[in-house]
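All remarks here apply to the structure that follows.
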Amino acid sequence: MYPGGVHAVAGVDLDVFPGEIHALCGENGAGKTTLASIAAGKLKATGGTVVAHGNVGLVHQHFELVDRLRVWENVVLGREPHRGAELDRAAARAEVEKLSREYGLAVDPDAVIEGLPVGIAQRVELLRELARDPAVLILDEPTAVLAPAEIDALFATVRALAVRGTAVLIITHKLQEVVAHTSRITVMRAGKVVARLETAQTNVDDIARAMVGGELPELAARLETTPKPALAVRGVSAGESSLAVRNASFEVHGGEIVGVAGVEGNGQSALADAIAGVIPYRGSIELDGVALPAGDPARRIAQGIRTIPQDRRREALVLSWSIVDNVALGDQRRPSLRKGVTVDRGAARELAKRIVERFDVRTPSVDTSVSALSGGNQQKVVVGRALAHEPKFLLVYQPTRGIDVGAAALVQSRLIEARNAGVAVFLISFELDEVLALSDRVIVMYRGAVVGTFERGAIDRARIGSLMAGAA
């Protein structure tokens with residue numbers, strides 16, 4: 001139940017049959033994840049019943065992994081194999097390797113979760129539930145951080161599970177995947193079922209209209225700009241092993257969006273961390289011709305560099321804090337938010353109200369804890385905070401991951417508006433359609449190196465896809 005006595009889920013009826021792939025769609029905050037958690041026994045319903053003929057597995061959108069344990073330890077946690085009284089590590093690693101091959105989800109069994117990119121951690125979450133051979137499998141945004149080839153492999157696995165009789169419920173905002181891979185669709189809005197659709201008799205536009213209760217907002221118009229030099233990356237190398245960035249050079253001008261196309265795990269995280277100043281690097285990063293030192297993210301903020309991290313819950317928000325406190329986070333020393341030696345609560349409150357209004361954050365109050373917000377509304381807070389103080393340079397990592405089509409259109413429009421206003425926007429997204437739709441220039445990364453550059457008027461989608469896969 002939400003604050004004020006509003007039910008997150010109200011009187012929902014949903015049937016998923018053995019051998020069926022069923023989609024559950026709706027805006028952020030519609031109650032989808034709450035319903036899934038009730039079905040899987042993670043939450044207790046205040047009314048109604050749940051009947052499941054077998055084990056229910058739930059793959060969470062926000063991972064429930066133990067960060068300090070290795071991949072294999074997370075996958076077998078709670079059902080560890082033993083040889084006599086001792087843990088059989090070899091058997092556990094062999095099981096993970098077998099599952100990884102079987103489901104096309106490549107992982108390093110010995111990697112520690114804490115250091116993994118988001119996309120790799122998602123694979124571990126999937127493998128952990130698949131290892132339990134569930135009769136009902138609920139996937140909450142399973143492809144949010146997977147590359148196209150990985151998505152194809154995942155749905156091949158899902159189809160194989162359905163053929164074996166597994167009932168599969170997929171919660172997703174990717175409506176093309178819904179149309180391509182499911183047989184029935186249930187749409188929720190404000191905690192209730194508002195539509196039940198046969199996939200073969202509907203389309204993406206119909207599903208989207210059912211989700212939002214009307215037409216989707218159009219993206220902001222892209223205005224003509226006069227790009228000005230802003231951020232220059234020159235010969236930057238950073239990170240470790242296969243996830244490192246290697247000798248990257250490019251520029252991002254004010255008044256343009258430069259997008260990165262690449263499969264997850266090809267140096268994007270290391271590049272983003274180097275630009276944000278949180279890891280050491282070789283080479284140079286300059287803003288307005290002045291070199292920026294590594295290890296000083298606060299100075300970058302002061303000079304007009306803002307970041308939208310890839311993981312809002314772990315890197316951008318303090319979940320137990322209110323919206324007011326979170327929008328002031330990182331700007332406590334800004335004169336407009338200070339009152340003597342403390343944060344000016346009144347100014348922070350007004351800023352929070354402006355962000356809530358401009359980004360359509362669905363919340364009963366700016367004093368609400370961000371943990372009570374849906375993922376999409378949390379993301380709107382993060383994006384709103386980053387844009388609130390007119391940055392010179394905006395580093396954007398997976399800005400629409402796990403948010404609904406309406407919220408995604410709003411976030412994308414705000415990025416275009418920032419670009420129109422002269423902000424230099426650097427976009428890292430594993431949604432190639434998003435990169436191509438928003439970018440003035442696209443750079444392609446493979447194994448940590450920049451292997452291609454395309455201007456907006458000369459974008460070759462097929463060539464970009466080949467470079468992403470490592471073709472010369």
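The values are calculated or read from the model by the stated rules, or taken from the named source; none is laboratory data. No experiment lies behind these values; they were computed from the predicted model shown. Every residue, glycine among them, receives a Cβ derived from its backbone with ideal geometry; neighbour counts consider all protein chains shown.
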The stretch 223-233, residues that are surrounded by 15 or more Cβ atoms within 10 Å (Cβ to Cβ) and at pLDDT below 90: THR225, PRO227
Matching entry among VAL178, VAL168, VAL163 (being in contact with a Cys (Cβ under 7 Å, 6 or more places away or on another chain) and in the same structural domain as SER37 (by TED's automatic domain parsing)): VAL178
Yes/no for ALA156 being in a loop (DSSP other than H, G, I, E, B), over 20 Å from LEU14 (Cα atoms) and modelled with pLDDT under 95: no
The stretch 207-224 residues that are assigned to a helix (DSSP H, G or I), paired with ones that are modelled with pLDDT under 85 (beta carbon under 7 Å, 6 or more apart): ALA208/LEU216; ALA208/VAL405; ARG209/GLU215; MET211/GLU27; MET211/ASP404; MET211/VAL405; VAL212/GLU27; VAL212/GLY406
Filter result (in a loop (DSSP other than H, G, I, E, B) and either free of Cβ contacts under 8 Å to residues at least 40 places away in the same chain or exposed (fewer than 14 other Cβ atoms within 10 Å of the Cβ) (or both)) within the stretch 96-109: ALA106, VAL107, ASP108, PRO109
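Residue by residue, here is whether (1) in contact with a Ser or Thr (Cβ under 8 Å, 6 or more places away or on another chain); (2) more than 30 Å from ARG83 (Cα to Cα); (3) not hydrophobic (A, V, I, L, M, F, W, C) holds:
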{"position": "GLU95", "(1), (2), (3)": "no, no, yes"}
{"position": "LEU116", "(1), (2), (3)": "no, no, no"}
{"position": "PRO134", "(1), (2), (3)": "yes, no, yes"}
{"position": "PRO142", "(1), (2), (3)": "yes, yes, yes"}
Test: residue in the stretch 47-69 that is closer than 24 Å to LEU317 by Cα, assigned to a helix (DSSP H, G or I) and β-branched (Val, Ile, Thr): no
So ASP13, is it within 28 Å of ALA121 (Cα to Cα) and of a type in the set (Asp, Glu): no
Pair list, Cβ under 8 Å, 6 or more apart: the stretch 67-95 residue surrounded by 13 or more Cβ atoms within 10 Å (Cβ to Cβ), other residue basic (Lys, Arg) and at pLDDT 90 or above: TRP72/ARG89; TRP72/ARG93; ASN74/ARG128; VAL75/ARG128; LEU77/ARG128
Criterion: more than 21 Å from the chain's Cα centre (by Cα) and over 22 Å from HIS181 (Cβ atoms) - qualifying residue of GLU80, GLU102, GLU64: GLU80
The lone exception for ALA471 - which of (1) touching a Lys or Arg at 6+ places or on another chain (Cβ under 9 Å); (2) more than 16 Å from ALA316 (Cβ to Cβ); (3) modelled with pLDDT of 85 or more it fails: (3)
Scope the stretch 453-467; condition touching a helix residue (DSSP H, G or I) at 6+ places or on another chain (Cβ under 8 Å) and assigned to a helix (DSSP H, G or I); matching residues: ARG461, ILE464, GLY465
Filter result (over 17 Å from ASN247 (Cβ atoms) and either in contact (Cβ under 8 Å) with a residue 60 or more places away in the chain or in contact with a Ser or Thr (Cβ under 7 Å, 6 or more places away or on another chain) (or both)) within the stretch 274-290: ALA276, LEU287, ASP288, GLY289
Boolean, GLY29 is part of a loop (DSSP other than H, G, I, E, B), at pLDDT 85 or above and not hydroxyl-bearing (Ser, Thr, Tyr): no
Residues of the stretch 225-240 classified as assigned to a loop (DSSP other than H, G, I, E, B) and within 26 Å of the chain's Cα centre (by Cα), total: 2
Filtered residues of the stretch 340-360 (kept if among the β-branched types (Val, Ile, Thr) and at pLDDT 90 or above): ILE355, VAL356
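To keep it simple, each residue is scored yes or no on (1) out of contact with any Leu (no Cβ under 6 Å at 6 or more places or on another chain); (2) buried (at least 17 other Cβ atoms within 10 Å of the Cβ).
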position: LEU317; (1), (2): yes, yes
position: SER322; (1), (2): yes, yes
position: ASN326; (1), (2): no, yes
position: GLN332; (1), (2): yes, no
position: PRO335; (1), (2): yes, no
position: GLY340; (1), (2): yes, no
position: ARG345; (1), (2): yes, no
position: LYS353; (1), (2): yes, no
Of all residues making up the stretch 184-210, the number that are of a type in the set (A, V, I, L, M) and crowded, with 18+ Cβ neighbours inside 10 Å: 8
Where a residue in the stretch 349-376 is among the polar types (S, T, N, Q) and its partner, wherever it lies, is crowded, with 16+ Cβ neighbours inside 10 Å and part of a helix (DSSP H, G or I), with Cβ under 7 Å and at least six apart: THR363/ILE323; THR363/VAL356; THR363/ASN377; THR368/ILE323
